[in-house]
Every structure is written in C-alpha cells, then in structure tokens.
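Peer 1: Quick one: this structure, given as structure tokens, is what I'll be asking you about.
Taken together, the values in this text are just the output of simple stated rules run on the coordinates, not laboratory data. Keep in mind that what you see is a predicted model, and the values were worked out from it rather than measured. Note: ideal-geometry Cβ built from the backbone for every residue, glycine included; neighbour counts use all protein chains shown.
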Amino acid sequence: MIFASYPVYSLTLGVLTLGVALSLDLIAGCLGLFLLAQGALMGIGGYIAALLMLDHGFGVVEACAVGALASAAVSFVAALPALRVRDEYLIVVGLGLQIVASEIFSNLPVLGGQDGLTGIPMPFNSTSEWVLLAGALGLLVIVVAVYCVITMGPVGRTVAMIREDDIAAASLGRNVVAIKVGVVAVSGGLAGAIGGYFVSMQQYASPADFDVTETILLLTIVFVGGMRRPVGIALATACLVGVQQYLAETTSGPTAATFEQVGFGVLLVLIVIVIPRGFGGGLAWLRAHALERRLASGRTTKEDA
Amino acid sequence: MQVLEFIITGAIGSAPYMLLAYGFVLTNEASGVFNLALGAAFISAAFAAYELAGKHHLSFGLAVIAAVVVGAVINAAIYELLIRPVIVRARSLVGMLVIAVGTVTAISYALSYASHYSALILSPTILSGDIHLGAITIPELQLAFFLLACVILAAAELGIRRTSYGLALTALSDNDELARIVGVRTRPVILIAYLFAGAAAGLAAIFLESVASITTFDGLNAIVIASIAALIGGIKNRRYALIGALFLGVVQGVSLEWVAGKWQDAVTYAVLILVIIVLPRGLAGVVMGAERR
C-alpha cells in the first residue's frame, strides 16, 4: 500500500464502505429484502478485477467494470430463485451463499487459496494517496447517483410500493419480479465495482476481506444508520469504520488483533441494545417524544403538529 | 454399497445438528427470535469440555456435564441480558442478527485467545471400536451419540407434549399477547426453552469435538447449518427440523463420496439452499398442503 497517512487511508476505506453500505440499503432498506451476501459480491468483483489486472493488463476502470458486470450477473442468477423465500429464509439463503462464496475464494487455486492474490497494480498506476481517495469518491458519486434514481421519482415510488405491498403493486400492473431482480442485480454490480477498486487499492485480494463478517458489518451500518436514510448510513459508516481503524492503528500483534475483534463484537451488541432502532429510528423516536411533551404541556396543538 | 455406507454414517453423524436444530426451533417457538446466538453457547460449551477433558485430562463424563451446564447457562444469559432487553423495546430481525453475530464474534475471539488458538479436540477412550453391519462400518462412539440424541430428543418431545409446559409453549408460539392475557407466565417458559436449547448445544459441541476437530470460530458456521436444517423442516416445527438435520447429515455423508473434503461445506450449503428455494415453506408446509388437499 502507498498510504503514508493513516487518516487518508481510513477516509478512502470509509468512502468505499459507504458505497457498499448504500448498495446494500438498496435491497435491504428500499426493497425490504434481506439478501445478505454483499461481502461475497464485493469479492466476486474484486477477484475478477484482480485477475484481469494481473493476467491481462487491464486498467482499474475496465477491470472494475467487468467485475461489476460479473457481480451483477451472479446477483441476477441468485436473486431469481432466492426471491421465492422471505424473511428468515432469505437471510439464511443469503448467508449460505456468502459462505459458499467464501469457501470458493479460500479453496480455488486460481484465486490463490487462503493466501489470496498479491501484486495487483495500483489504481491509475498512481503513487498519490489523494488520487486513490479521488477515485473512491468518484465511485461513491456513481453509487449515490444510482441510489437516487432507484429511490426517487417514478422508479422510487414503484420500489416503495413493492416494499410496502408487492401484491398490490402487481395488481396495479407493476412487474414486481423484474424490478426486484433488477434492483438486486444493480446493487450487486455496485458492490462488485467497489470490490475491484478495493483490491487494487490494497494491492492484494484476500478471502478474509470478503467473508461473512464483512457482510454483517455492512448490515450493521445500514441498521445503525437507519434504512433508507443515506445521511444516517454515512454517519454510521464514519463511526464504525472510524472505531475499527482506530483499534487497528493503536494495536498491533495477534493478541491485539484478537482483542480488536472482541471489542468489535461487543460494540455491535451494545449498539443494538442502546439504540435498538438505529440512529434513524432513534431520532424519529426523540422527535415523537418531544412532540408528545409539547402537546401535553399545551405549547403545541394537534393542528400545529 | 459404499454410497449406502455414506448415507448411514451421514445420518448417524447428523446427531449434533439434530440437537442444535431442535434447540433452535424450540427457542424460536418460545420467543419468536431467530436465535443464531446459540452458536455462542455451542462454542463456549466446546471450550469448557476441551479445557477439562482435552487439556487437563479430567474424566469425559465430567466434560459432558460441564458442556451441558455451560451451554445452558450461556444461552439463558444471552437471552436475559442481550435479547430480552431489545425485544421489549423494538423487535427486529436485523437487530437480532447483529446481536447474534456480535456475541458469537466476541466470544469466539476471546476463547481463541484463552485456548491459545488451538483446535478443540477430545479423544475419549470409551467406545473406540467399530460396529460392522455387513460391508458397512459404523464407529461405536458415533452410534452411541446418535442413539443418545434420539433418546434425549424423544424424551424432550414427550415432556413438551404431555405437560402443562408444552401447552404454555404452544400458546406462546401461536399468540404471545393472548398467552399473556390468559395468564401464561411467559418468562419462565421462554427461559426453560433457552436453557434446554443451550444444554442441547453443549451436547452437540461435545459430540462434534469427540469425532472431529473444531475451532473456536466454528460457532456461527454450526448454527447457520443447523438453522438451514430447521428451515428445511419448517421454522416452527420441531419434528420436521429433526428430519431436516437428518437430511443434512446424509448430504454431508454422500458429498464425501464425490467431492474433496475442502469442498464439502460448499456443496452442503449449496444443496441445502437449493432445497430451501424449492420448498420455501419447508417439509412441514409440503405435508400440511398435501393434508389440506
């Protein structure tokens, strides 16, 4: 890695994590589908981009584009049957797909097995950490643009209708299956593109970076930030990635890494216990509580509220 | 004949997943929680048994008792301290999932440090021979574990069906609000379900570390596999969950015949996911649908 400054590295990592978290929010928050395999989709894009850059001399943009297409194709194929199930069943199917992908990353010789792939060229062959940050921001802009298209306007209204009542949406002539599968594929494609950029930035692709823990970290970010609340998700990304990077920066050695993971697990549990509705739900609760108090004290009338 | 051997040994080897899946469904019935945190009780019990019998060479029977007690206590503590405070305020599938993964991660890494990152293996000296049924060879210890699991689960099922506890559990599973209104004391009912599930997870842990090597990081993997078995049966049906676990064991056993060991988990997961997708309401849903017709 060429990052001389840890804060710039953490910021770049945070930007990429926010991008993947938003891509997960597209399916978990906007569609209400808990197909939890975003880490695996990042890995598919990442490994394909890495192989293209290592063996075929692709640049980072082309490699990420092909990685994105591959991840989108896998999401598309997985989504068609997976969308037959719901709730707990969908979560387990997603986690199962994630574990199958992790096994493939760890065991396929062409992907380097447990050691992964090393020597991947840097994005844009640049040695400037600021260029890497700019590249990550560029990807985030693309993710935000896609996020806006899917959550706003006529498409956003259709997606919201499907989330609230897909039978009603179908009865109104919306192609529910096509929209669900399409959004899942787009979300997978975005995760794949970010995975490609991530491995190029790290200069290695390792199975450990795309395992079930990564998916759960992303889900935690979306949960804590509040589903369909991009600002809350950005705040949650800053907090969680910040804490994770701080622990990594201030500790070293296997013992410290172990305690870092213990601390991270405890942090996840504490977050859910302290704010069981996430930042977004917590703010909504505070607003409702404040309104109730104002109504009770007579400072606000129901009409004003 | 070799395939038949793999099927039989696979079914017999499913005993740990039968126990885990049964406990998983029981806690789901009682509390409505998708309790993947059971993996933390499983791995804590495995560690306790390893410390006593594997590291300090105390008796295997003592290790079994320790695993059962530790599993039960940890699972009940997770419910009382982590799950119940959250479901009282805001029941959320994602919240429960994050709690489960956070708990399993924290406990797995803490125990890996305590066990000096070593594999958890027990080598019990009892029942170390094989039983030969024609050309089929079955390890005595695995057969004993399977029979013990069957006896324990049959006794538990009988206890649930014939006692007032079972009635209360059914009421809670059908409609928890109504159960409270008619006077069911829900907290002890739920706590007993968590204690039993934890104890069953403890037994499953000692079974697995006696016949194979596990690590402190296998908690989540074991409970995800057990939850898939439970879903194949039907999430709110204990008996069909056992059939799901048996099916899982057979798939694992048969996959050994055709694929290399390192791909066994991937193949098992892939097959189980396909079954869930084909039978989205589980075996119980299929049987109930057929009965209605």
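Peer 1: Order these by the 10 Å Cβ neighbour count, fewest first: A:LEU218, A:LEU11.
Peer 2: With the fewest neighbours first, A:LEU218, A:LEU11 line up as A:LEU11, A:LEU218.
Peer 1: Further, regarding this structure: Placing unit charges on C-beta atoms (Lys and Arg positive, Asp and Glu negative, everything else neutral), compute the dipole magnitude of the range A:159-237 about its Cα centre in debye, rounded to 20.
Peer 2: Rounded to the nearest 20 debye, it is 260 debye.
Peer 1: Further question on the same structure: Where does the charge balance sit around A:GLY96 when Lys and Arg score +1, Asp and Glu -1, over other residues with C-beta under 11 Å from its C-beta?
Peer 2: Counting the neighbours of A:GLY96, the net charge comes to -2.
Peer 1: Just need the relative contact order of chain B here, percent rounded to a whole number, with Cα pairs under 8 Å and 6+ apart.
Peer 2: 37 percent
Peer 1: Tell me what chain B gives for mean residue ellipticity at 222 nm when only DSSP H runs of n ≥ 4 count, each as -39,500 (n - 2.57), the sum divided by the residue total, rounded to 500 deg cm²/dmol.
Peer 2: -24000 deg cm²/dmol
Peer 1: Just to confirm a number: summing +1 for Lys and Arg and -1 for Asp and Glu over residues other than A:LEU22 whose beta-carbon lies under 13 angstrom from that of A:LEU22, what do you get?
Peer 2: After counting each charged neighbour, the total is +1.
Peer 1: Which whole-number percentage describes the relative contact order of chain A, with Cα contacts under 8 Å and a sequence gap of 6 or more?
Peer 2: 32 percent
Peer 1: With equal scatterers on the alpha carbons only and no solvent term, can you work out the Debye log10 of I(q)/I(0) for the range A:51-149 at 0.15, 0.21, 0.23 1/Å?
Peer 2: -0.90, -1.22, -1.24
Peer 1: While we're on this one: Divide by every residue of chain A the summed helix terms, -39500 (n - 2.57) for each DSSP H run of at least 4, and state the resulting mean residue ellipticity at 222 nm, rounded to the nearest 500 deg cm²/dmol.
Peer 2: Result for chain A, helices only: -25500 deg cm²/dmol.
Peer 1: Would you mind computing, in nm to one decimal, how far apart the modelled labels at A:ALA134 and A:MET152 are, each placed 7 Å from Cα along Cα→Cβ?
Peer 2: 2.6 nm
Peer 1: Starting with the fewest neighbours, write out A:CYS64, B:CYS150, A:CYS30, A:CYS239 ranked by other beta-carbon atoms found within 10 Å of each beta-carbon.
Peer 2: B:CYS150, A:CYS239, A:CYS30, A:CYS64
Peer 1: On a 0 to 90 degree scale, rounded to 10, what angle separates helix A:38-56 from the longest Cα axis of chain A?
Peer 2: Orientation of helix A:38-56: about 30 degrees from the principal axis.
Peer 1: If you don't mind, there's one more thing I want to ask. Taking B:LYS55 as the anchor, which aspartates and glutamates have their alpha carbon closer than 20 Å to its alpha carbon, excluding any fewer than eight residues away along the same chain?
Peer 2: B:GLU209, B:ASP218
Peer 1: Still on this structure, please answer the following. Taking a cut-off of 20 Å between Cα atoms, list the aspartates and glutamates near A:LYS180, but don't count ones fewer than 8 places away on the same chain.
Peer 2: Excluding near neighbours in sequence, the set is A:ASP25, A:ASP87, A:GLU88, A:GLU164, A:ASP165, A:ASP166.
Peer 1: Find which of B:LEU93, B:THR103, B:ALA46 sits farthest along the positive direction of the dipole of the range B:39-156, computed with +1 on the beta-carbon of Lys and Arg, -1 on that of Asp and Glu, about the Cα centre.
Peer 2: Sorting the options by dipole projection puts first B:LEU93.
Peer 1: What is the Cα radius of gyration of chain A over 2.2 N^0.38 Å, N being its residue count?
Peer 2: 1.05
Peer 1: Still on this structure, I have one more. With 10 angstrom as the radius, rank A:THR12, A:THR255, B:THR105, B:THR125 by how many other C-beta atoms surround their C-beta, starting from the fewest.
Peer 2: B:THR125, A:THR255, A:THR12, B:THR105
Peer 1: Another one. Can you list the DSSP H helices in chain B whose Cα atoms extend at least 20 Å along the helix axis and whose mean Kyte-Doolittle hydropathy is 0.5 or higher?
Peer 2: Going by DSSP H runs, the hits are B:15-31, B:60-78, B:93-114, B:140-162, B:186-211, B:219-233, B:238-258, B:264-278.
Peer 1: Find the all-direction average of the projected area of the Cα convex hull for the range A:189-305, expressing the result in square nanometres with one decimal place.
Peer 2: So the mean shadow area of the Cα hull is 10.3 nm².
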